[in-house]
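Everything below concerns the one structure shown next.
The values are calculated or read from the model by the stated rules, or taken from the named source; none is laboratory data. Every value quoted in this text rests on a predicted model; they were computed, and no experiment measured them. Please note: Cβ atoms are built from the backbone with ideal geometry, for glycine as well, and neighbour counts cover all protein chains shown.
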Protein chains: 2
Amino acid sequence: MNKKNNEVLKKRATLIDVAKLSGLSTGTVSRVLNNHSSVSDEARKKVEDAIKKLNYVPLSTARSLAKGISNTIMLSIIEENPILPSTWRYELPAVQGIYDYLKDTSYSLQIGIGFVEEAKKSKFFENLIKDKYVDGLLILGSWPINYKSLLYLEDRNIPYVLIGCRSVAPTRAEVSFDNHGAIVKIIDYLVQLGHTKFALIGGLKEQIHMIDRAKGFRDALLARDLKVYPNLIKFGDYQIDSGYQLMLELLEENPRPTAIICGNDFMAAGAIRAIHDKGYRVPEDFSVVGFDDNEVAKVISPQLTTIKVPVFEMGHLAVEKLCSMIQKDKEIEEITILPCELVIRSSTGKCNQKEKI
Amino acid sequence: MNKKNNEVLKKRATLIDVAKLSGLSTGTVSRVLNNHSSVSDEARKKVEDAIKKLNYVPLSTARSLAKGISNTIMLSIIEENPILPSTWRYELPAVQGIYDYLKDTSYSLQIGIGFVEEAKKSKFFENLIKDKYVDGLLILGSWPINYKSLLYLEDRNIPYVLIGCRSVAPTRAEVSFDNHGAIVKIIDYLVQLGHTKFALIGGLKEQIHMIDRAKGFRDALLARDLKVYPNLIKFGDYQIDSGYQLMLELLEENPRPTAIICGNDFMAAGAIRAIHDKGYRVPEDFSVVGFDDNEVAKVISPQLTTIKVPVFEMGHLAVEKLCSMIQKDKEIEEITILPCELVIRSSTGKCNQKEKI
DNA sequence: TTGTAAGCGTTATCAG
DNA sequence: CTGATAACGCTTACAA
């Protein structure tokens, strides 16, 4: 009673069954399945009827073997270790964007997760996919990729697209977001509010997003003839506590900043807490900006002005690109940088500090 | 220069190449590959040398076809639409738990994402995997699963494990967490602090986690001879605003609760904001408890007492169970409920309301 | 212990 | 437009 009757178990119908039932050959059935043009309407109909009747579904592995393709795309997620809370928020929308595109294709999405340390090794991708059979690779991460590791993919002629990361050597295709431009946007907005003394509470210094943003920070200030105070540029680890700590330090600096740009919303939350603890107000005394538009942005008070990153779109675009690389065997060589959106809430305001000349 | 020399492109070595190089037959090579015992050490060594020399890796699809297994496990994620922020936090740890187990096996992890509405249809799983070839299915969601849909899996004899969800009809294997017990833990703790008037700010009423928790809420109160006030039990949608709104309503109720248990940390954040807006304090006037131990719990003030759900472990356990179902062709019939952890922070405290007799 | 050869379910080539 | 039939790369009886 517990065990299913194995004799009764419906054997999966095969293409041969379909051929027999429809009275046609396997070749014709296959042609119908693959939408080849040279099939008479009559034959097509017979085959389709048989397929329906038998509830036939082609076996993907057999198909792969015969065609020499896998119809599988692998998403390699490279994570910080220990995992930062913000990565949850970053990765899943990307996965969704990818799946959203793939669900209307015949591709399957396979997943592999590795840590940054492993991804630094030169055999990372080889180990990841050597016993798999994938048509292409999507690489999602926030740290530089070991180029040697990518060489394996080049050798095997497996197309790949980097999402939000890059390698030291130039790669074929990348989809990323405009870290640099996002900071420029923030600074433009704050300058308009009268701010002139900017501080940066950065996240992990070596992480590529942060590198770009730190550069954007300097570039934007210089371009507006504003001074870059090296003592107002600090780096932490993306966690609340480090935002808190660094903000305390900033309060002791000279000059004191009036606007603080943070590496993510958590650090911004920490910074705001530090400001409050010292008896100051946001945004009256200090304007604070986050990054990511994490949920915390709406939970803390004042609600956070921050940057929204188009992660879903990045995933979508990346996989679209990958598929056309696979199908057309085209060598797309392209770096796409998606713009970010400045979300203005209540943690930023007019600069109230009187200018000392 | 742009195009790779296709002639030069290393053709992947096949088992036949290995056989030739080693001077043995394909059968023997295959036996070595599959660790069959009846191979002489000498032959084994020759084969292994050849494998190394040729950099040979078996082609998974060919293997699958010959063996009649796919070595692939599919994770079906069923999401709310629109997606709730808290789901990001819930799903990825589960994926990691699953992958963490799978990475040491020969299984690949494939992913499929669907929305709750689709999952209600009777052909959901059929549509999901009919053109795939998977050995087993992991089902991750927070809503009741259409049993008819599962019947397809039963018919095809594809084992599956539900994670955090269930079906109306009994299913073979489930891994979930103890919603009911978590609420009991919370109430025990609050009773100890002197609270007697409890309110529930629930999330989506039909969601299975919420159903269990609402039941736990009533059961725990009754078991302690405390009164269940129906007007203090309200349901929202897991968002901050709804927590805020429902808390405002609670402040008008009679009796007024002194302890509020919320459906998740976001609703708790909203509730706390409402309390503050009305000039009361947490935890002096009201104790508030969240659920999930989301990042926001540490960001808001006071920091939130909440429940931590073992999502990683659930994923890990579920896939372990699934694999043994696949391998041993064993009919595991088992529901595993993992305990949750009460994380005590600063949003809860002694009840300061004087008892009116 | 080893080799041979027949599958596994499709696709693709080549005649017809 | 259709039908045979040889691949695709590997596993697994069955023989030796």
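Key figures for this structure:
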read-out	value
Residues (more than 18 Å from B:N254 (Cα to Cα) and touching a strand residue (DSSP E or B) at 6+ places or on another chain (Cβ under 9 Å)) located in the range B:192-205	B:L193, B:G202, B:G203, B:L204, B:K205
Those residues of the range B:38-77 which are within 14 Å of another protein chain (Cβ to nearest Cβ) and within 12 Å of DNA strand C (Cβ to nearest atom), in sequence order	B:L59, B:T61, B:A62, B:R63, B:S64, B:L65, B:A66, B:K67, B:G68, B:I69, B:S70
Pairs with Cβ under 7 Å, 6+ apart, first in the range A:19-43 and closer than 22 Å to A:S60 by Cβ, second within 8 Å of DNA strand D (Cβ to nearest atom) and part of a loop (DSSP other than H, G, I, E, B)	A:A19/A:S25; A:T28/A:V39; A:R31/A:S38; A:R31/A:V39; A:V32/A:V39
Failed criterion for B:V18 (all others in (1) within 12 Å of chain A (Cβ to nearest Cβ); (2) modelled with pLDDT of 90 or more; (3) in contact with a Phe, Trp or Tyr (Cβ under 9 Å, 6 or more places away or on another chain) hold)	(1)
Some residue of the range B:26-37 being basic (K, R), more than 9 Å from DNA strand C (Cβ to nearest atom) and touching a helix residue (DSSP H, G or I) at 6+ places or on another chain (Cβ under 9 Å)	no
Matching residues, the range B:55-71, being crowded, with 23+ Cβ neighbours inside 10 Å and of a type in the set (V, I, T)	B:T61
Looking only at the range B:21-41, and only at residues there that are more than 7 Å from DNA strand D (Cβ to nearest atom) and exposed (fewer than 15 other Cβ atoms within 10 Å of the Cβ), the one that is nearest to B:K52 (Cα to Cα)	B:G23
Contacts under 7 angstrom Cβ, first residue in the range B:94-116 being at the interface with chain A (Cβ under 8 Å from one of its Cβ atoms), partner surrounded by fewer than 20 Cβ atoms within 10 Å (Cβ to Cβ) and among the hydrophobic types (A, V, I, L, M, F, W, C), 6 or more apart	B:Q96/B:F312
Verdict on B:I300 being buried (at least 17 other Cβ atoms within 10 Å of the Cβ) and of a type in the set (V, I, T)	yes
Filter result for B:I69 (within 30 Å of B:Q239 (Cβ to Cβ) and among the aliphatic types (A, V, I, L, M))	no
Qualifying residues in the range B:303-333 (those that are of a type in the set (D, E) and touching a helix residue (DSSP H, G or I) at 6+ places or on another chain (Cβ under 7 Å)) - the one surrounded by the fewest Cβ atoms within 10 Å (Cβ to Cβ)	B:E313
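Matching residues to (1) within 16 Å of DNA strand D (Cβ to nearest atom); (2) within 24 Å of B:Y101 (Cα to Cα); (3) among the acidic types (D, E); (4) more than 15 Å from the chain's Cα centre (by Cα):
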| residue | (1), (2), (3), (4) |
| --- | --- |
| A:K67 | yes, no, no, yes |
| A:T87 | no, yes, no, no |
| A:S108 | no, yes, no, yes |
| A:E117 | no, yes, yes, yes |
| A:K123 | no, yes, no, yes |
| A:K148 | no, no, no, yes |
| A:P159 | no, no, no, yes |
| A:I163 | no, no, no, no |
